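The values are calculated or read from the model by the stated rules, or taken from the named source; none is laboratory data. From a predicted model like this one, the values you see are computed outputs, not experimental measurements. A quick note on method: Cβ atoms are made from the backbone with ideal geometry, for glycine too, and the neighbour counts reach across all protein chains shown. Side chains are part of the model used for accessible areas, which takes the heavy atoms of the whole protein and leaves out ligands, DNA and RNA. Shrake-Rupley method; radii C 1.70, N 1.55, O 1.52, S 1.80 Å.
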Amino acid sequence: MGNKGTGNESANRNEGTDGLPVSLESCLLDLRQAEETIRQQQRLLYQSEAQHNLLFDSLDEGFCTVEVLFDNADQSIDYRFLKVNGVFEAQIGIENPLGRTMREIAPEHEQYWFEMLGRIALTGKSQRLEHWANALERFYDIYAFRVGDPMDRQVAILFKDITARKRQEELQAYLLRLNDALRSLSDPIQVQDVVTHLAMEYLGVDRCYYCEIEEGNAIIRRDAFRADLPSVANVYPLSDFPILSTVINAGHPFVVFDAHTTELLDDRLRQLCLQTQAISFVDIPVIKDDSPCGILCVTCCEPRKWRKEEIELARETAERTWIAVEQARAAEALRESEENYRAIVNQSIAGILKIGLEGNMLFTNDQFCRMLGYEGAELLAMHVNRIVYPEDHERNAAAFHGLVSEGRAYEIEKRFVRKEGAIIWVNNHVSPIFNNKGEVDAAVIVSIDITRQKELERQKDEFIGIASHELKTPITSIKAYGQILAAMIDQSSVPPTFTQLLAKMNAQIDRLIKLIYSLLNTSRIAGNQLTLQLEPINLNGLLEEHVRQGQLTTSRHRITFIGEELPPVMADVERMGQVMDNLISNAIKYAPKGGDVIVRAESRGGRVRVSVRDFGVGIPKEAQEKIFDRFYRINDASAGGTSGIGLGLYICREIISRHQGQMAVESIPDEGSTFYFELPVYTERQ
Amino acid sequence: MTTVFFVEDDESLQDIAGLVFRGPEFAVRIFESAEKLLGERTYPHVYVLDKQLPGISGLDLCRILKAGPQTRNIPVIIVSADPDIKALAAPIGATAVLEKPFSIHVLLKAVMDVSA
């Protein structure tokens, strides 16, 4: 515009001089000046043009000016390149475009482009857009605007190749969709279904499937395929399908553009592909830890020139499919395992309860709910103390404290209170659950309802009680008859054997009486019927008396009493005597070769300790606690065929514990045993 | 001579009583139930009662005897297989108790002690 304007101006001035009388010199001068002005103007123009060119060439975006060509009906049909900048070729991929038209260069260029540029040339309305150019196989971000005289129909185009960004965006969008679709799936078959359909749609292929490789087979559970094609879901032995083995062996994406011509396939494979209409395909092997796990296959029935991005996308899809399938498998396995455990836990005849360290219930199985008569949800909202029978709280709390502080498991028999108020007896095994720091985090309780056993036990005790009670009357008679007989025989002159046999019979009657007492005591202890006549006593006298009586029963042992001044204890004289007799007779019995038996009494703090020590056979470690159990007998010939029904020590310990005392044993096999008990010292306050 | 009224339903113990309390020092009469004894209008030096009797129990019989004007001062020995007999018998005025099984010497001694 500038140069044209300047030209007109000078012309006007010349015209203006035509009508005036001027000298030749001044005319020449004017002319020179005009020439100078023009040269100056031209210099400026060149400079401006050079600046523009420099500017355009420096752009990292492509730039060109085109002349849009129209037909007779004013339809834009082509455009000619008038000017291009330095990066034009790199962005468009066309060499030497100047002076050539787009139709010459790329006849398949979409009509869309011609229409758009025509519109801009005619209307002068600039346009910005992102669009795919098929012929150039690229995506462009374009800004096009009219330049120069509208009659010249020239359009300048500023453009940028955004193919890479576009493809990346599309890939991201696809992967996002894939992830979204996979996130909710927990079934491996569904995963394959969704993946193959998405990939088929996105890549625009005719078939897509995922083979799982298992034990020499390729298993296609689901596939996506064009409506007119058959499904290929099936199990294929790899040995029968060399194409799959070939893909696995390749170990990387196996890409065929055209099965007719590719050199990747030998004749046999080529025939196979042609038969199955797999003309072009991308097969991605998934290999984990050096072993093949799966193959993702995308197939077209026509030749196709797979782009790098498409192959990458297929590879990414295969990888994600494998992960999703594995996750679904793992989730399924976990679910199955959980179901198994749940079934085992819920079908268990034992009640199972998990509680927190505060006693809050965290889990119960069905059986536990049945045992307690509550719904699971009700139990979970309760503190465990609400179901423990109040009298058992203290005993239970002590054991639970040991579990929390030392992680020690324990077994306890106690009572629970059912929802409707009934009491049940349970045997509980309580074990700690540790967290990953090794601290006790919770406890699991396996609880067996032993109410019925307890009732049977009670009935048994009752029976023993009744039976031994009923035996007392006839045994009284037998004893009396024996004594009467003995008295009568003494007065006559029968052979001495008679007297001896009678004495033996009477001794056996006494033994029978002792046995009956043991049984009766046991049943009374079990039924909590053992009554004590407590009074403050000094044990020294009692101990001496029973040591003396014990010594009368043996000539092979020497029983020694070592006493000291003792404070009084609250005790039932008869029961304490029973305990001492039992301990002393045991000491004698289990030291069959004879030797010392030492009975010692000492005052220890607020307690009096009494011990009976023998140097006999001793007690194996594993039996030391059990010997206080009811009916427990050491099954050991070294005990020397000693008689008894395993009640003596049980009764002793129970008697001591009813005196608020403790009884225990220390023993080394073959060296002897020390049984001892401790009783609290009596104080006036009691 | 000491007269003993022995109330016991067990035949063998009745037999024993007959054997133990014989001779010049003792006269024994056996009653098989409390009811039979309560129908009796003579009184012994000592009652020996079994605790567990058909009908009226030995303990109730003891209460009745201890309430009767003619019998309240006659010593009563209660025999029983119940280990708690001591505690049961003391509050109702029994003079002595014997826990079964007992030896005849103990029985004889108890009778002689209470009748002395």
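A few notes on this one:
- The single condition from (1) more than 30 Å from residue A:313 (Cα to Cα); (2) touching a Lys or Arg at 6+ places or on another chain (Cβ under 9 Å); (3) surrounded by 13 or more Cβ atoms within 10 Å (Cβ to Cβ) that residue A:91 fails is (1).
- Lone qualifier among A:166, A:125 - being of a type in the set (Lys, Arg), modelled with pLDDT of 85 or more and in a loop (DSSP other than H, G, I, E, B): A:125
- Any hit, region A:139-152, residues being without any contact (Cβ under 8 Å) to a residue 12 or more places away in the chain and surrounded by 15 or more Cβ atoms within 10 Å (Cβ to Cβ): no
- The lone exception for residue A:126 - which of (1) free of Cβ contacts under 8 Å to residues at least 60 places away in the same chain; (2) within 23 Å of residue A:49 (Cβ to Cβ); (3) surrounded by 14 or more Cβ atoms within 10 Å (Cβ to Cβ) it fails: (3)
- Taken across region A:577-588, residues that are open to solvent by 30 Å² or more (accessible area, probe 1.4 Å), under 18 Å from residue A:654 (Cα atoms), in contact with a Phe, Trp or Tyr (Cβ under 6 Å, 6 or more places away or on another chain) and not β-branched (Val, Ile, Thr) do not occur at all.
- Complete set of residues in region A:303-355 that are open to solvent by 90 Å² or more (accessible area, probe 1.4 Å) and in a helix (DSSP H, G or I): A:308, A:327, A:334, A:335, A:336, A:338, A:339, A:340, A:341, A:342, A:344, A:347
- Qualifying strands (runs of 3 or more DSSP E) (wholly inside region B:32-116; at least 1 residues being exposed (fewer than 14 other Cβ atoms within 10 Å of the Cβ) and more than 14 Å from every other protein chain (Cβ to nearest Cβ)): none
- Qualifying residue in region A:558-575 (condition: at the interface with chain B (Cβ under 10 Å from one of its Cβ atoms), touching a Pro at 6+ places or on another chain (Cβ under 9 Å) and surrounded by 15 or more Cβ atoms within 10 Å (Cβ to Cβ)): no
- Tally of residues being hydrophobic (A, V, I, L, M, F, W, C) and either over 30 Å from residue B:49 (Cβ atoms) or in contact with a strand residue (DSSP E or B) (Cβ under 6 Å, 6 or more places away or on another chain) (or both) across region A:452-491: 2
- Whichever residue in region A:69-88 is at pLDDT below 90 and within 21 Å of residue A:52 (Cβ to Cβ) and, among such residues, is farthest from the chain's Cα centre (by Cα): A:83
- Residue count for region A:269-296 under the criterion of being assigned to a strand (DSSP E or B) and either touching a helix residue (DSSP H, G or I) at 6+ places or on another chain (Cβ under 8 Å) or open to solvent by 50 Å² or more (accessible area, probe 1.4 Å) (or both): the result is 14.
- Qualifying residue in region A:400-411 (condition: in contact with a Phe, Trp or Tyr (Cβ under 9 Å, 6 or more places away or on another chain), buried (at least 17 other Cβ atoms within 10 Å of the Cβ), farther than 30 Å from residue B:12 by Cβ and more than 14 Å from chain B (Cβ to nearest Cβ)): yes
- The test for being open to solvent by 50 Å² or more (accessible area, probe 1.4 Å), among the aliphatic types (A, V, I, L, M) and within 12 Å of another protein chain (Cβ to nearest Cβ) does not hold for residue A:530.
- Selection of strands (runs of 3 or more DSSP E) fully inside region A:402-505 by the criterion of at least 2 residues being without any contact (Cβ under 8 Å) to a residue 24 or more places away in the chain returns A:410-417, A:423-434.
- In this structure, residue A:560 qualifies as without any contact (Cβ under 8 Å) to a residue 60 or more places away in the chain and farther than 18 Å from residue A:660 by Cα.
- Lone unmet requirement of (1) open to solvent by 30 Å² or more (accessible area, probe 1.4 Å); (2) farther than 16 Å from residue A:207 by Cα; (3) out of contact with any helix residue (DSSP H, G or I) (no Cβ under 9 Å at 6 or more places or on another chain) for residue A:228: (2)
- Across region A:429-476, the qualifying residues are those that are away from every other protein chain (no Cβ under 14 Å) and open to solvent by less than 20 Å² (accessible area, probe 1.4 Å), and the one among them that is nearest to residue A:511 (Cα to Cα) is A:461.
- Restricting region A:649-663 to residues that are open to solvent by 20 Å² or more (accessible area, probe 1.4 Å) and touching an Asp or Glu at 6+ places or on another chain (Cβ under 9 Å), the residue that is farthest from residue A:602 (Cα to Cα): A:650
- Exactly one residue out of A:540, A:582, A:528 is among the polar types (S, T, N, Q) and without any contact (Cβ under 8 Å) to a residue 40 or more places away in the chain: that is A:528.
- When A:178, A:136, A:158 are checked against the criterion of being assigned to a helix (DSSP H, G or I) and surrounded by 14 or more Cβ atoms within 10 Å (Cβ to Cβ), a single residue qualifies: A:178.
Residue-wise test of (1) outside any helix (DSSP H, G or I); (2) modelled with pLDDT under 75; (3) open to solvent by less than 80 Å² (accessible area, probe 1.4 Å); (4) among the basic types (Lys, Arg).
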{"site": "A:7", "(1), (2), (3), (4)": "no, yes, yes, no"}
{"site": "A:13", "(1), (2), (3), (4)": "no, yes, no, yes"}
{"site": "A:16", "(1), (2), (3), (4)": "no, yes, yes, no"}
{"site": "A:26", "(1), (2), (3), (4)": "no, no, yes, no"}
{"site": "A:33", "(1), (2), (3), (4)": "no, no, no, no"}
{"site": "A:45", "(1), (2), (3), (4)": "no, no, yes, no"}
{"site": "A:53", "(1), (2), (3), (4)": "no, yes, yes, no"}
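- Residues satisfying the stated conditions in region B:12-27, i.e. open to solvent by 40 Å² or more (accessible area, probe 1.4 Å), within 14 Å of chain A (Cβ to nearest Cβ) and touching a helix residue (DSSP H, G or I) at 6+ places or on another chain (Cβ under 9 Å): B:15, B:19
- The residues listed here are A:326, A:309, A:332; of these, the one that is at pLDDT below 90 and touching a Leu at 6+ places or on another chain (Cβ under 7 Å) is A:309.
- Yes/no for residue B:8 being within 13 Å of another protein chain (Cβ to nearest Cβ) and touching a Pro at 6+ places or on another chain (Cβ under 8 Å): no
- Matching option when the condition is of a type outside the set (Ser, Thr, Tyr), open to solvent by less than 40 Å² (accessible area, probe 1.4 Å) and touching a Leu at 6+ places or on another chain (Cβ under 7 Å), among A:608, A:617: A:608
- Yes/no for residue A:210 being of a type in the set (Ser, Thr, Tyr) and open to solvent by 40 Å² or more (accessible area, probe 1.4 Å): no
- Residue tally, condition under 60 Å from the mean Cα position of the chain (by Cα) and of a type outside the set (Gly, Ala, Ser), over region A:585-599: 3
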